[in-house]
Amino acid sequence: MTTKAILNTPESTAEQLKVSVRTLAKWRSIGAPMLPFCKIGRCVRYRQSDLDEYLAKHTFNKVEG
């Protein structure tokens, strides 16, 4: 059984991350942070699974100092 990847637009991804669409474009152009994206023709899409993994890796319970 194959599962279909949920593909998000830059707008919905920006909303989830609480950043602007412009910030996502900047991140794509400089390659940071490592948030994978797909290009389908001229359209940019973000897999929900990649976004979930990114958020899990960047979630902290306390600040180290």
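The values are calculated or read from the model by the stated rules, or taken from the named source; none is laboratory data. These numbers come from a predicted model, not from an experiment. Heads up, the Cβs are rebuilt from the backbone with ideal geometry, glycines too, and the neighbour counts pull from every protein chain shown.
Tabulated results
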| item | result |
| --- | --- |
| Any hit, region 30-38, residues being touching a Lys or Arg at 6+ places or on another chain (Cβ under 9 Å) and in contact (Cβ under 8 Å) with a residue 24 or more places away in the chain | yes |
| Single match in Arg22, Arg45 (criterion: in contact with a Phe, Trp or Tyr (Cβ under 9 Å, 6 or more places away or on another chain), of a type in the set (D, E, K, R), surrounded by 10 or more Cβ atoms within 10 Å (Cβ to Cβ) and modelled with pLDDT of 95 or more) | Arg45 |
| Residues of region 25-42 that turn out to be of a type outside the set (Lys, Arg), assigned to a helix (DSSP H, G or I) and surrounded by 10 or more Cβ atoms within 10 Å (Cβ to Cβ), as a count | 2 |
| Residue satisfying all of: in region 54-65; in a helix (DSSP H, G or I) and over 9 Å from the mean Cα position of the chain (by Cα); surrounded by the fewest Cβ atoms within 10 Å (Cβ to Cβ) among these | Ala56 |
| Where a residue in region 40-65 is closer than 21 Å to Ala25 by Cβ and its partner, wherever it lies, is modelled with pLDDT under 90, with Cβ under 7 Å and at least six apart | none |
| Residue that is farthest from the chain's Cα centre (by Cα), among those in region 3-14 that are free of Cβ contacts under 8 Å to residues at least 24 places away in the same chain and either within 16 Å of Glu53 (Cβ to Cβ) or loosely packed, with under 13 Cβ neighbours inside 10 Å (or both) | Thr3 |
| Yes/no for Val19 being outside any helix (DSSP H, G or I), free of Cβ contacts under 8 Å to residues at least 24 places away in the same chain and of a type in the set (Val, Ile, Thr) | yes |
